[in-house]
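These notes concern the structure reproduced below.
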Amino acid sequence: MEHIAETGGIVTGFHIGEQCIDCMCGTRLMKIDKCSGKMILQKTVFDKEGLSRKLAADGEQIFVYDFCTLYCINQRDYELLGKWQLGNDLSSDICGITVDDDTIYCSIRNGKVITLDRQSYQKKEFIVSESSMWSVKTYGSFLVCGTVEGKLLLLDKKNLSVIKQLVLGKKNIGDLYIDGETLYAAGHDGKLFKISLQNFEVEILARNVHKKMFFCAGMFEDMLITVSYPCSEIAFWEKDTLEKVKVMNTPLKLSGCTWIEGSFMYLSSRNILGIDRIDLSSDVK
């Protein structure tokens, strides 16, 4: 593992672009050259520091949610394009976010989804579920959501109505990863599901994946990679069979972010002051 970006603080979210890394640290957004590690741009965007902020980006805009507040930021120069208060307290905070070309989708605690048009910023609200949804992804003309009650929902983007649902268990489906027509779902009960999106059926289930909460980081070659920050573990699984290939133990703490690009995995965590990088082509052997 190598330290490729020094920020002087904990990075709570980042996005890997073609040439640059955009990351959050304290009250600032920072743009770092991916090859040299040099700081290109930094700007104070937030009023106070916070470790709970989450970041998503699409190459043009950065979307950050913090408790009940949503920020939309120009990814080139960090100009604030909009800021919205979508809730008021712990019963209405933002739990997850995803975007497509036209719309920002925010899942709100207790089963609501709020959408914002990316041109007009017109806001709409929908009641989708009886429980909160921490994980939400776009899939063509659909949204896929995991609920804290262990359900997987397929929603029509047009009206956010539930088309199909799948009961995966009784624990939170905390993370989703889509690879073509296959969905991988991480449960807080230690289960990892491989699901056909065409049939919306479970194909394979792996148990006891990690002893504590974990995320699906992405793909390397023919393997799915999962990361458990509380366990300080990175695990590799055959993507077709979910057979375990290898587990790497690396110092991590509580929570963080991952990004896989080619043979490199980028990592931030509570114990890293910046961003580290692992060369999977050599470390996985």
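The values are calculated or read from the model by the stated rules, or taken from the named source; none is laboratory data. Computed from a predicted model, the values in this text were never measured in an experiment. As a convention, Cβ positions derive from the backbone with ideal geometry for all residues, glycine included, and neighbour counts pool all protein chains shown. To get the accessible areas, we keep the full protein, side chains included, count just its heavy atoms, and leave off ligands, DNA and RNA. Shrake-Rupley method; radii C 1.70, N 1.55, O 1.52, S 1.80 Å.
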Heavy atoms only, 1.4 Å probe, whole protein assembly: order Met213, Met248, Met265 by accessible area, highest first. Met213, Met248, Met265
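Could you look at the chain and say what percent of its accessible area is carbon and sulfur, using a 1.4 Å probe and all protein chains?
Whole-percent figure for carbon plus sulfur exposure: 45.
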Can you tally the net charge around Glu149? Count Lys and Arg as +1, Asp and Glu as -1, for every other residue whose Cβ sits under 9 Å from the Cβ of Glu149. +2
Per residue, how large is the accessible surface of the chain? Use a 1.4 angstrom probe and give square angstrom. 46
Restricting to DSSP loop positions (anything but H, G, I, E, B) with no more than 16 other Cβ atoms inside 10 Å of their own Cβ, which trypsin sites (Lys or Arg not before Pro) remain in segment 181-249? Arg207, Lys211, Lys212
Taking loop as defined by DSSP and a crowding limit of 15 other beta carbons within 10 Å, which chymotrypsin sites (Phe, Trp or Tyr not before Pro) in segment 93-137 fit? Tyr121
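Please label the shape of segment 131-207 as rounded, prolate or oblate, based on the square roots a ≥ b ≥ c of the eigenvalues of the alpha-carbon gyration tensor (a/c under 1.5 means rounded; beyond that, a/b larger than b/c means prolate, else oblate).
It is oblate, given that a/c is not under 1.5 and a/b is not larger than b/c.
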Based solely on its DSSP helices, what 222 nm [θ] is calculated for the chain when runs of n ≥ 4 H residues each add -39,500 (n - 2.57) and the sum is averaged over all residues, nearest 500 deg cm²/dmol? 0 deg cm²/dmol
Looking at the chain, what % of the alpha carbon pairs are farther apart than 28 Å? 36
Surpassing 23 Å at the alpha-carbon level, of the pairs Lys124/Lys170; Lys54/Lys112; Lys194/Lys246, are Lys124/Lys170
XL table Lys123/Lys157; Lys137/Lys239; Lys123/Lys151; Cα-Cα > 21 Å flagged, in table order, is Lys123/Lys151
